[in-house]
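Peer 1: Here's a structure for you.
The values are calculated or read from the model by the stated rules, or taken from the named source; none is laboratory data. Worth saying up front: this structure is predicted, and the values here are computed from it rather than measured. We place every Cβ from the backbone using ideal geometry, glycine too, and count neighbours over all the protein chains shown. Heads up: the accessible areas ignore ligands, DNA and RNA and are worked out on the full protein's heavy atoms, side chains in. Shrake-Rupley method; radii C 1.70, N 1.55, O 1.52, S 1.80 Å.
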Amino acid sequence: MRKAKNIFENIDYVSVVLYLLLVFIGYFNIYASEFNDDSNEIFNLSKRHGKQLLFIFISCLIAFFIIIIDWKFFFSLSFLIYAISIGSLILILFIGKITNGSLSWYDFGSFRIQPSEFAKFATALVLSRYINIFSIKKLDFSKTILCISLILIPLILIIFQNDTGTALVFLSFVLVLYREGLTENVLIFGFSILILTIMCLVLDLFI
């Protein structure tokens with residue numbers, strides 16, 4: 001009789017422990033920034049650290065269910081997840097809440113959700129699905145344009161939200177395309193622009 005596969009055998013527990021350690025270090029930093037003698041409860045939903053702790057527990061629960069669900073489920077719904085994510089990025093431009101100058105949050109009473117964070121996951125998922133469908137070994141021009149479009153759509157929408165820092169994270173997907181055969185000229189061009197930008201900022205201090 002064939003032995004049933006243990007879904008927890010392939011988990012990198014060292015990475016999980018390091019991740020949880022960073023998460024709780026971040027949580028206690030938030031807690032320390034709000035600590036005072038009048039309000040020192042660890043779990044207080046009226047404070048940022050209390051909401052953060054709740055999100056940590058919810059995220060761990062979601063992560064557990066993601067692990068036990070067959071990966072083919074998410075893989076088959078990747079385009080739908082991406083479409084919903086793009087829809088949420090468009091909708092937030094009309095009904096989103098401005099925070100620190102960025103129109104990037106949905107406000108649900110005392111809770112807020114930033115759809116751009118989900119867009120990172122959705123973009124990674126749809127890129128892997130597209131590349132897998134065509135078993136791409138070498139990106140031709142048309143496939144390159146489509147892959148770049150899948151990255152640029154959420155990136156541009158997030159820039160419209162005035163959240164450039166989050167938008168720049170999407171540029172890291174270019175490294176994925178490079179691994180799949182994208183010409184190195186694109187990377188050279190991108191790094192050249194980055195270096196020139198930094199040089200302009202630095203030289204501006206002296207000229």
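Peer 1: Step by step: first the residues of the stretch 39-64, then only those that are of a type in the set (K, R) and open to solvent by less than 90 Å² (accessible area, probe 1.4 Å), then the one that is nearest to D12 (Cα to Cα). Which residue is that?
Peer 2: Only one residue tops the list, namely K51.
Peer 1: When the stretch 158-183 is examined, which residues are found to be at pLDDT 65 or above and more than 16 Å from the chain's Cα centre (by Cα)?
Peer 2: F160, N162, L177, Y178, R179
Peer 1: For I98, all conditions in the list (1) more than 23 Å from V23 (Cβ to Cβ); (2) aliphatic (A, V, I, L, M); (3) surrounded by 13 or more Cβ atoms within 10 Å (Cβ to Cβ) hold save one; what is the number of the exception?
Peer 2: Here I98 meets the rest and fails (3).
Peer 1: Which one of these does S78 not meet: (1) closer than 21 Å to Q114 by Cα; (2) polar (S, T, N, Q); (3) at pLDDT below 85?
Peer 2: With respect to (1) closer than 21 Å to Q114 by Cα; (2) polar (S, T, N, Q); (3) at pLDDT below 85, S78 is out only on (3).
Peer 1: Which of (1) more than 19 Å from R112 (Cβ to Cβ); (2) modelled with pLDDT of 85 or more does R2 not meet, given it meets every other one?
Peer 2: Here R2 clears every test but (2).
Peer 1: Give me the pairs: first residue in the stretch 56-84 and more than 30 Å from I42 (Cβ to Cβ), second residue of a type in the set (K, R) and in a helix (DSSP H, G or I), beta-carbon distance under 9 Å, and six or more apart or on different chains, which are they?
Peer 2: What qualifies is F75/R129; S76/R129; S78/R129; F79/R129; Y82/R129.
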